[in-house]
Amino acid sequence: MVKKQLYILIFLGISLSAFCQEDTLRNILPEEELIAYRSDYGGHICGYATGQNCWFSENYAEKYRIKGKAEVIGVISYHTGHMTRPNRQVTFDIWSVGENHLPEDSLGGRYMSYRNLIISGNPVKTHFYEPIPVQDSFFVACNFLLYAHDAEEAGFTDTLALLTSLDGSRPDSDLSNIGRNAVRFHHGQWRDLYQRLGYKFHLALFPIIRYTYVAGTIDYNEAVSSLSVYPNPSVDEALVSFSTGIESNVRIKIYNLDQKELMDVDLGRKNPGFHHENLSVSSLPASVYILSVESEYSKQVYKFIKGE
């Protein structure tokens, strides 16, 4: 009887692990350049636009959307700046999305000392104290907890920053989506980052999520994610990379900006995991197109350029 129970426990452990998959969500492609823009204050440089500066902003958030439910177990972030007080605290946390499309309530995360940040532009992986359940959409945020002040002869102390994609990398067609990213000033309210600061970029805050698939349901692992096209622009052939969270038939479709379908490629049935597909685009005229990877449950789109 004991052996039988042991076999059952081992089987359950293997079965449950097979239905858990981690994924890192990104609004910035891996090959995109990361940067931190300096902040001008009264004619002199003081900190960074997405970090500690003299405008009192210190809290920054990026919105992500998923299909159904998942758990956020941590975040990968990129930083630069100047540190003089390594014992000060920074927080990474998850926020719910309010009716105004901006962060509403903090759902949990982690405090850590400045000394744990890597300020050379390399990734910092932070695991939360416990997994944070999310559904459909959420914000991942970084809060330096203090703006730049305490001026000394050497300048302003602790001007840490969060890296971003290049200004203009977020397309104009997306700027009407309020709360794609957000900024909060010291003891203030959340504001839309583009409306407040004028930058068209994404923050280098990448949540690590875990889809928890339960037998008999498909609430969790339905998302197509991590879509990228390389090179961009493409001339003859493009490498389309993406992740699927559940076994499904998958297609790649290409549309022009008038939403007319120009190409439909059936990839067949794909298992959960990462996939790379070579796609011939030589027949397309030089222009801007929308590429869509579509499963039976969800789809993700990506804008790419067909070069001459």
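The values are calculated or read from the model by the stated rules, or taken from the named source; none is laboratory data. Not measured: the values here are computed from a predicted model. With ideal geometry, Cβ positions are generated from the backbone for all residues, glycine too; neighbour counts draw on all protein chains shown. The accessibility values were calculated without ligands, DNA or RNA, using every heavy atom of the protein model including side chains. Shrake-Rupley method; radii C 1.70, N 1.55, O 1.52, S 1.80 Å.
Below is a table of values for the structure above.
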read-out: Heavy-atom accessible surface of the chain: percent carbon and sulfur, 1.4 Å; value: 51
read-out: Cα-projected label distance for Asp105 with Gln259, points at 7 Å along beta-carbon direction, nm; value: 3.5
read-out: Compactness index (Cα Rg / 2.2 N^0.38 Å), the chain; value: 1.11
read-out: R0 of 35 Å, Cβ-Cβ distance Leu239-Arg85: FRET efficiency to nearest 0.05; value: 0.20
read-out: Gain upon complete extension [Ile73, Asn271; 0.36 nm per residue less C-alpha separation]; value: 68.9 nm
read-out: Pairs of Lys in the chain closer than 17 Å at Cα, counting only those 8 or more apart or on different chains; value: 12
read-out: Distant-in-sequence amide H partners of Thr50 (H built 1.01 Å from N, under 5 Å); value: Tyr37, Leu162
read-out: Centre separation in Å (Cα based) which lies between the range 68-137 and the range 224-297; value: 31
